[in-house]
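Student: One structure follows; several queries about it will come next.
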Amino acid sequence: MKITTWNVNSVNARIEHLVKFIKEDKSDIYLIQELKCTNENFPHDEIKNINYKSYVNGQKAWNGVALIAKKELKILNNKIPNYKDENARFIETEIELSKIKSKIKLINIYLPNGNPIDTEKFDYKLDWMKNFNQYIKTLIENDTPVIIGGDFNVIPNDEDVYSPENFKNDACAHPYTRENFRKLLNLKFTDTVKYFVDGNSNWTFWGYRGGNWQKGNGLRIDHFLTTPELTDIIKTVKINREPRSWEKASDHTPVTIELED
């Protein structure tokens, strides 16, 4: 089974890119973030025309997450349980793999950016992370296999950004952000890109300003986390940089994991 995460930075502006990539890539499930549209304005027909089904948690003007899948899915949650959040940043389903006895929770997130750090936006980011971690902890305590994918807006370590000095006051690299991410990892998760992809420039995001893409000035903020039984059956993990080179591209690029079924 192939699962891909991609922050498309406006699904309607990037629908041709999305359809083109899906046709070439053929993953079983796509975790899409930053839709920037409501459920009604999502391009359902374009997705249906390539024989995929779409499940959307949208929001006017910004945010929004979706699952795009070959087979039907049942959506279990559109919010972090027991957490009041007005923003569309979470969508959860279940999948099955023959090698895993229990049903697997598949969770797609678009974690708050949190900038600037001296504002309520950063407080919201930390609050979101703490509540998310608490929910995931309940799943782990019940021995539930979990895959979390999406745009985490977390630079885990200095080696995950082209210039740590430029991000010392950025919410994505703040010590509190990294602390909460470590707490999540310490619930038994593997940071799959870090573990499976060779090299020390495994960027998934290149900002639009200053020719960052052309200069290779990137960040690693799009992640897949897996619990041990799932990590054990991962075949490949791939960052596909090609879509970032397309005209009018998203500033993120897709990340794909392939698991034995």
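The values are calculated or read from the model by the stated rules, or taken from the named source; none is laboratory data. A quick note: this is a predicted structure, and the numbers were derived from the prediction, not measured. Every residue, glycine as well, gets a Cβ built from its backbone with ideal geometry; the counts of neighbours run over all protein chains shown. With ligands, DNA and RNA removed, areas are computed over all heavy atoms of the protein, side chains included. Shrake-Rupley method; radii C 1.70, N 1.55, O 1.52, S 1.80 Å.
Student: On a C-alpha basis, how far is the centre of the range 44-101 from the centre of the range 179-236 in Å? Whole number, if you could?
Tutor: Cα centres, the range 44-101 to the range 179-236: 21 Å.
Student: Would you mind calculating the gained length between Asn186 and Lys137 on full extension (0.36 nm times residue separation, minus the Cα-Cα distance), in nm to one decimal? Don't skip to the answer; put the middle values down first.
Tutor: On the way: separation 49, 0.36 × 49 = 17.64 nm, distance 1.00 nm.
Gain on stretching Asn186 to Lys137: 16.6 nm.
Student: Still on this structure, please answer the following. Could you quote the convex hull projected area for the range 1-85, Cα atoms only and averaged over all directions, in nm²?
Tutor: Its average projected convex-hull area is 5.6 nm².
Student: A further question follows. Expressed as a fraction of 2.2 N^0.38 Å, the rule-of-thumb size for a compact globular protein of N residues, what is the C-alpha radius of gyration of the range 130-226?
Tutor: 1.14
Student: For Phe196, what accessible surface area do you get with a 1.4 Å probe? Give it in Å², rounded to 10.
Tutor: Counting only protein heavy atoms, Phe196 exposes about 60 Å² to solvent.
Student: Dividing the alpha-carbon Rg of the range 8-52 by 2.2 N^0.38 Å yields what?
Tutor: 1.07
Student: Which is the longest stretch in the chain that no exposed loop site breaks, taking sites as GluC sites (Glu not before Pro) with a DSSP loop state and at most 13 other Cβ atoms within 10 Å?
Tutor: Details: sites that count: Glu40, Glu72, Glu86, Glu96, Glu247, Glu260.
Longest gap between qualifying sites, sites excluded: 97-246.
Student: Right, next: Using a 1.4 Å probe on the protein chains only, how many percent of the accessible area of the range 1-109 belongs to carbon and sulfur?
Tutor: 43
Student: Out of the total accessible area of the range 114-156 (probe 1.4 Å, heavy atoms of protein only), what percent is carbon and sulfur?
Tutor: The C+S portion of the solvent-accessible surface of the range 114-156 is 45 percent.
Student: Quick check: net charge around Thr138, other residues with Cβ under 15 Å of its Cβ, Lys/Arg +1 and Asp/Glu -1?
Tutor: +3
Student: With volume of the Cα convex hull per residue in Å³ as the read-out, I listed (i) 153; (ii) 120; (iii) 227; which label goes with the value calculated from this structure?
Tutor: It is the value labelled (ii).
Student: What is the antiparallel percent of DSSP beta bridges lying wholly in the range 78-178, to the nearest 5? If you can, show how the numbers build up before the last one.
Tutor: Numbers: 6 of 12 bridges.
Roughly 50 percent of the beta bridges in the range 78-178 run antiparallel, per DSSP.
Student: On to the next question. Would you calculate the separation in nanometres between label points at Glu179 and Asn51, each defined as 7 Å from the Cα along the Cα-to-beta-carbon direction?
Tutor: A separation of 5.1 nm, rounded to one decimal place.
Student: Rounded to the nearest whole Å², what accessible area per residue is found for the range 181-261 with the 1.4 Å probe?
Tutor: 48
Student: Still on this model: Please give the calculated 222 nm ellipticity per residue for the chain, where each DSSP H segment of at least 4 residues contributes -39500 (n - 2.57) and the sum is spread over every residue; nearest 500 deg cm²/dmol? Don't skip to the end; give the middle numbers.
Tutor: On the way: 7 runs with 62 residues, N = 261.
Only helices count here, giving -6500 deg cm²/dmol.
Student: If N is the number of residues in the range 43-116, what value comes out of its Cα radius of gyration divided by 2.2 N^0.38 Å?
Tutor: Scaled against compact globular proteins, the figure is 1.25.
Student: Quick check: from the Cα gyration tensor, does the range 86-128 come out rounded (a/c under 1.5), prolate or oblate?
Tutor: Verdict is prolate for the range 86-128.
Student: How many percent of all Cα-Cα pairs in the range 84-161 sit more than 19 Å apart? Kindly include the intermediate steps, with their values, before the conclusion.
Tutor: Working: 1384 of 3003 pairs.
The calculated P(r) of the range 84-161 puts 46 percent of pairs beyond 19 Å.
Student: By DSSP, what percent of the beta bridges with both residues in the chain are antiparallel, rounded to the nearest 5? List each step's numbers first, then the result.
Tutor: Working: 37 of 48 bridges.
So the antiparallel bridges amount to about 75 percent of the total.
Student: I need the fraction of alpha carbon pairs in the range 1-151 separated by more than 17 Å, rounded to a whole percent.
Tutor: Percent of Cα pairs beyond 17 Å in the range 1-151: 62.
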